[in-house]
1. Which value in Å does the Kirkwood hydrodynamic radius of segment B:5-53 take, with 1/r averaged over all unlike C-alpha pairs and then inverted?
2. How big is the B-A contact in terms of buried accessible area, both chains counted, 1.4 Å probe, rounded to the nearest 100 Å²?
3. Which helices, counted as full DSSP H runs in chain B, have an axial Cα extent of no less than 20 Å and a Kyte-Doolittle average of -1.0 or above?
4. Please give the per residue accessible area of the protein assembly as shown, computed with a probe of 1.4 Å over protein heavy atoms only, in Å².
5. Could you work out how far apart the two model spin labels at B:ARG273 and A:ALA149 are, taking each label as a point 7 Å from the Cα in the direction of the beta carbon, and quote it in nm?
6. About its Cα centre, what dipole magnitude does segment B:5-53 give when the only charges are +1 on Lys and Arg Cβ and -1 on Asp and Glu Cβ, stated in debye to the nearest 20?
7. Can you give me the convex hull volume of the Cα atoms of segment A:4-134, divided per residue and expressed in Å³?
8. With springs connecting C-alpha atoms under 10 Å apart, model chain A as a Gaussian network and identify which of A:PRO53, A:PRO16, A:PRO137 has the largest mean-square fluctuation.
Amino acid sequence: MSMRVNGDLHEIGLEPRVSLLDALRDHLGLTGSKKGCDQGTCGACTVWVQGRPVLACLTLAVACEDREITTIEGIAPADGLHPVQRAFIEHDAFQCGYCTSGQIMSAVALLRDGGAETDDEIAEYMSGNICRCAAYPNIRAAIREVRDADLETSGRA
Amino acid sequence: MRPLGYTRVSTVDTAVAAVGADATSTFLAGGTTEVDLIRLGVSRPDVLVDINSLPLKEIAYTNDGGLRIGALARMSDVARSPEVTYNFPALSQSLLLGASEQLRNMASMGGNLCQRTRCAYFRDAVSPCNKREPGTGCSALDGLNRGHAVLGTSEQCIATHPSDAGVAMVAFDAIVHTVGPSGARSIPIDDFYLLPGASPDVEHPLEHGELIVGIEVPPAPSARRSLYLKFRDRQSYEFALVSVAAAIEVREGRVADVRLALGGVGTKPWRARRAEVALTGGPATPQAFANAAAHELEPASPRRYNAFKVPMAQRAMVRALTRAMNGGA
Ligand SMILES: Cc1cc2nc3c(=O)[nH]c(=O)nc-3n(C[C@H](O)[C@H](O)[C@H](O)COP(=O)(O)OP(=O)(O)OC[C@H]3O[C@@H](n4cnc5c(N)ncnc54)[C@H](O)[C@@H]3O)c2cc1C
Ligand code: SF4
Ligand code: FES
Ligand code: FES
């Protein structure tokens, strides 16, 4: 089958049982997406399919033929970090870092789509990304910073 | 590991034919239930028929002001569509209070209605469980049953149905449209969910290969001020201990129309008909709400760890009715 990940087309042979997460990590060497629970409860495996955050562990790779996949490896410009990545570093929005790529994939989609006006809205949208180190306040701070910076550059603040 | 076949179909007829012709095959929509249960060894299909390319994603008003929702519309799209948020807020809220953003982006409405119970004995693939392996017994009866049902139970199974959207759908008298090997039909949602009785493995009247193509929600005057309340162990991303969908219309102090359904307490999304009958035509007072709620829970058969659900459900009903009467959320 062929799969387009971060703009690159890959030809791979996979059993139908293989999850998108295992395909990315074990077959394409894209190990940024993490396996926490492998049953849809933690969000560490969050990637985008057709631009929308989904759980790669409950997605079958075969079902992604002709779909556009984006992983943490694909969100930054070639010469640096995505603003959300930078904000996560500045705000110490992680300890062990295991949940971080999933957090960032959700956060970037949230900021793109809007709906991060209040802390409650951020918390609700991000509730599918569990952080065992409980870095939640700092994650929210990072998201707020990028939100406010976006507002300034777009002249709405 | 057993091999698993996969095929993607692009028309309703080929989907029905593919699954209908093969007793070991099943439909795959968002996969958030099916892939999980395959990995756990609870579901063991030989072939997955991927229906995600079927043109069943519409969310639109019907001519009479009701809703028509395609079986493959995603939970997140339905929750945020203006048609739903404006005229059926309880449905939108029930979807947004379920699962997580990622899961809602994946999960389809048809799959949501068909999702399986979260009973831990059902999901562990080894404990005796009549729903998974008919005739093996029910481990929950005398086991850890804090999350289990108190209404509609049988000695064979006390598992709750976990769908939140199903609760709102039951309150609104939704109709499930299907196409199967023997043709098309429409099933009132209350008949779409079966009580466990002596055969808890059979949850729906669907024949093998029968595909849900859409869900219709008829118009209801009170629906615009409906609401959905969900009570659970943590604030977000958790199944309900108790939930309530409620809509009420009061004229001159009397209850003219009331819709009430419960989640988390029944073996199926539970239309609270006893309470509705008790309320209709009577006064819309807190005491009347409390009496009706108590009447609904009268047939409850609580077990060792879930008895708290009986008073909790009653208080939740009173709160939901009071809020709905005062103009919604
Ligand atoms: C961690 C987690 C938390 C969750 N929390 C909640 C919650 O709080 N509230 C809630 O309501 N739900 C919750 N869910 C459940 C989720 O909503 C369901 O798994 C989802 O709606 C199923 O839809 P799907 O499209 O992914 O179905 P699939 O997994 O693809 O299919 C499920 C079943 O339905 C059948 N099926 C699918 N579509 C059709 C069709 N059109 N016709 C006939 N049969 C069909 C399939 O064959 C399969 O047997 C949660 C799930 C997870 C994993
Ligand atoms: S409650 Fe139902 S699903 Fe749970 S163990 Fe008993 S039979 Fe199985
Ligand atoms: S690994 Fe996918 S949700 Fe936990
Ligand atoms: S930083 Fe450790 S799990 Fe989130």
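1. Roughly 10.8 Å, rounded to one decimal.
2. Approximately 2500 Å² gets buried when B meets A.
3. B:309-325
4. On the way: 20030 Å² over 486 residues.
On a per-residue basis, the protein assembly as shown sits at 41 Å².
5. That separation, rounded to one decimal, is 5.9 nm.
6. Using only the charged Cβ atoms, the result is roughly 100 debye.
7. Spelled out: Cα convex hull of segment A:4-134, divided by residues, is 109 Å³.
8. Looking only at A:PRO53, A:PRO16, A:PRO137, the biggest GNM fluctuation is shown by A:PRO16.
The values are calculated or read from the model by the stated rules, or taken from the named source; none is laboratory data. Computed from a prediction, not measured in an experiment: that's the story for all the values here. Backbone-built Cβ (ideal geometry, glycine too); neighbour counts: all protein chains shown. Just so you know, the surface numbers come from the protein's heavy atoms only, side chains and all, with ligands and any DNA or RNA stripped out. Shrake-Rupley method; radii C 1.70, N 1.55, O 1.52, S 1.80 Å.
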